[in-house]
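The values are calculated or read from the model by the stated rules, or taken from the named source; none is laboratory data. It should be emphasised that the depicted structure is a prediction, and the values quoted were computed from it without experimental measurement. Glycine also receives a Cβ, built like all others from the backbone with ideal geometry; neighbour counts cover every protein chain displayed. Side chains are part of the model used for accessible areas, which takes the heavy atoms of the whole protein and leaves out ligands, DNA and RNA. Shrake-Rupley method; radii C 1.70, N 1.55, O 1.52, S 1.80 Å.
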Amino acid sequence: MANGWSELGPDALPGIARLVGRAVPDPPTAAELARTLFDDEQPAHVVGDPAVGVVATVVIGTSGHLRLLAVDPDHRGRGHGLALLAAAEAHLAAAGCREVVTGSDPPAYLFPGVDTRAVELCALLERSRYRRDEANFNMLVDLGRLPADPGGWEDVADEREVRAWGDAHWPHWTPELVRAARRSTLVGVRDAQGLAALCAYSVNRDGWVGPVCSRPSLVGRGAGRAPLVGALRRLAEAGHRRAEIAWVGPIVPYARLGARIGPVFFVYRRSLDDRGGAPGPQAGAA
Ligand SMILES: CC(C)(COP(=O)(O)OP(=O)(O)OC[C@H]1O[C@@H](n2cnc3c(N)ncnc32)[C@H](O)[C@@H]1OP(=O)(O)O)[C@@H](O)C(=O)NCCC(=O)NCCS
């Protein structure tokens, strides 16, 4: 393969875990990497050398997503980051993608964008003509200070029921909800019409919470609060001291529980239609 990079499979996991442990803020664990890079449902194309750097991509429709890009701190500043990005772009272009997007790649995502604490990666992308678009963020909940349990929630494990409910109400979240049901990390509340609201946790990243969703007719009526508190209690029981509500939409339900805004992630995009130009500063940059 060009640049001497190899395609990497699950046997490279220990090396990739060591690399990201040294290279990435809040690094994913080996188990989290296994279920996000090498899961049968949405396997990533992983390329590199775990001793130096790796890049992982997935294709969603006509978008190619960068699931992971990391270079070991001892090997930085020698062009490996740019070379890995170029290899990813070439692979995604050959796969028919029209654009590259950073992170935000459900269901098996690692990051809802580029963690803004990884300023070197933001710089690399902006130098490479990526456009900074929306920002996503997580919210942090201190599990030692949870409110009283409203009760009424239960574990939900019936994959078929969850799939039917997701497909009917929130189809873009169905795969994550089903993954949670399979992992026994899904809680919900029921009413006379069946499932009223669900909250998944530890789907891709342990201690991360979401999706949280209620039947559309119940949105805004507090139906999601009981399963949310239930999921947070399950995490506290499992020994977590802090939970991270991932890729937050409305802030209010989490702020009510005392959550604070935590890590912020930039979503960068670059069209692949203009490939071939030399890397340059972000268009319009000062
Ligand atoms: C971003 C990263 C991959 C860069 O790796 P690298 O091998 O050092 O990158 P390169 O040598 O190819 O540098 C490429 C460009 O990135 C930018 N860059 C890299 N490090 C930088 C720094 N410390 N400050 C400013 N710009 C930087 C520069 O524009 C550089 O090119 P230039 O010097 O010619 O302008 C590496 O710092 C890293 O792994 N960071 C953590 C990434 C992370 O958190 N990943 C998880 C989310 S996907």
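The table that follows gives values for the structure above.
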| read-out | value |
| --- | --- |
| Count of region 58-109 residues which are part of a helix (DSSP H, G or I), more than 13 Å from the ligand (Cβ to nearest atom) and surrounded by fewer than 18 Cβ atoms within 10 Å (Cβ to Cβ) | 3 |
| In region 3-34, residue nearest to Glu89 (Cα to Cα) [restricted to those that are at pLDDT below 95 and either under 18 Å from the mean Cα position of the chain (by Cα) or part of a helix (DSSP H, G or I) (or both)] | Asn3 |
| Phe137, sole failed condition from (1) within 16 Å of the ligand (Cβ to nearest atom); (2) assigned to a strand (DSSP E or B); (3) farther than 18 Å from Tyr201 by Cβ | (3) |
| Number of the condition not met by Cys199 [criteria: (1) part of a strand (DSSP E or B); (2) open to solvent by 10 Å² or more (accessible area, probe 1.4 Å)] | (2) |
| Enumeration of residues in region 96-126 that are of a type in the set (A, V, I, L, M, F, W, C) and either modelled with pLDDT under 95 or farther than 24 Å from Thr174 by Cβ (or both) | Val100, Val114, Ala118, Val119, Leu121, Cys122, Ala123, Leu124, Leu125 |
| So Leu121, is it in contact (Cβ under 8 Å) with a residue 24 or more places away in the chain, near the ligand (Cβ under 7 Å from one of its atoms), touching a strand residue (DSSP E or B) at 6+ places or on another chain (Cβ under 7 Å) and assigned to a strand (DSSP E or B) | no |
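Every residue, every condition in (1) hydrophobic (A, V, I, L, M, F, W, C); (2) crowded, with 21+ Cβ neighbours inside 10 Å; (3) modelled with pLDDT of 95 or more, yes or no:
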site	(1), (2), (3)
Glu159	no, no, yes
Arg163	no, no, yes
Leu177	yes, yes, yes
Val203	yes, yes, yes
Val212	yes, yes, yes
Leu218	yes, no, no
Arg221	no, no, no
Arg225	no, yes, no
